[in-house]
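Step one of this worksheet: look at the structure below.
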Amino acid sequence: MLSCFVIKVDYDNIYMVSSLILWMLIDYFVYRHESVIEELSDVEIVPLEQNEVDVSGMAAEVQRLFEEDKIYLNPKLKLSDVALAVGTNRTYLSRYFNRQNGQTFYDYVNSYRIQYAENLLKSTDYPLPEIAIKSGFNSISTFRRVFFASFGCSPNKYRVNA
């Protein structure tokens with residue numbers, strides 16, 4: 001006696017049960033995150049005036065890095081390197097350069113490099129490629145472009161007239 005068992009699946013019931021379980025899980029996770037939101041609501045927001053003190057400390061550290069450590073002589077210098085040395089993040093440091101100094105990070109670095117190159121042009125007979133490398137520039141073409149933008153003449157003409 002063999003009998004066939006027929007299993008009749010009621011898909012509507014499976015859909016209802018699975019939907020109920022899904023909504024229960026969603027409700028659980030939403031409720032769980034409410035406690036995180038409540039914890040974060042106790043975080044104190046620092047007013048801008050108190051934050052300005054940090055800017056002056058950061059400004060002093062940036063100035064020390066550039067004037068004493070001559071960090072600008074590194075041709076591979078990046079914003080993230082300076083941010084790490086100062087103890088802040090790239091976004092905040094970039095905003096500092098743009099707002100406080102009115103120039104980009106790379107314009108700031110190049111201004112120090114050009115001053116250094118100007119002193120080398122006046123005091124040495126090094127060839128231009130060597131001055132560019134010693135000043136922290138990656139290439140002679142970048143050096144010439146930045147120098148011309150700063151002084152309105154080529155480095156060779158500047159050396160002759162100096």
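Consider Ser139 carefully, then state whether it is polar (S, T, N, Q) and surrounded by 12 or more Cβ atoms within 10 Å (Cβ to Cβ).
Here the answer is yes, as Ser139 does meet what is asked.
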Self-check item: Neighbours by Cβ (under 8 Å, 6+ apart or cross-chain): first from region 9-24, part of a helix (DSSP H, G or I); second surrounded by 10 or more Cβ atoms within 10 Å (Cβ to Cβ)
Solution: none
Exercise. Output the residues belonging to region 123-150 that are touching a residue at least 12 places away in the same chain (Cβ under 8 Å) and among the aromatic types (Phe, Trp, Tyr).
Key: Phe137, Phe143, Phe147
Exercise. Find the residue count for region 107-128, including only residues that are closer than 23 Å to Glu67 by Cα and loosely packed, with under 14 Cβ neighbours inside 10 Å.
Key: 5
Quiz item: Give me the pairs: first residue in region 95-122 and of a type in the set (Gly, Ala, Ser), second residue in a loop (DSSP other than H, G, I, E, B) and surrounded by 19 or more Cβ atoms within 10 Å (Cβ to Cβ), beta-carbon distance under 9 Å, and six or more apart or on different chains, which are they?
Solution: Ala117/Ser135; Ala117/Gly136; Ala117/Phe137
Exercise. Could you please let me know if Ser80 is loosely packed, with under 14 Cβ neighbours inside 10 Å, free of Cβ contacts under 8 Å to residues at least 24 places away in the same chain and over 13 Å from the mean Cα position of the chain (by Cα)?
Key: no
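Here, each number is a calculation from the coordinates, and none is a lab measurement. Because the structure is predicted, anything quoted here is derived from the model rather than measured. Note: ideal-geometry Cβ built from the backbone for every residue, glycine included; neighbour counts use all protein chains shown.
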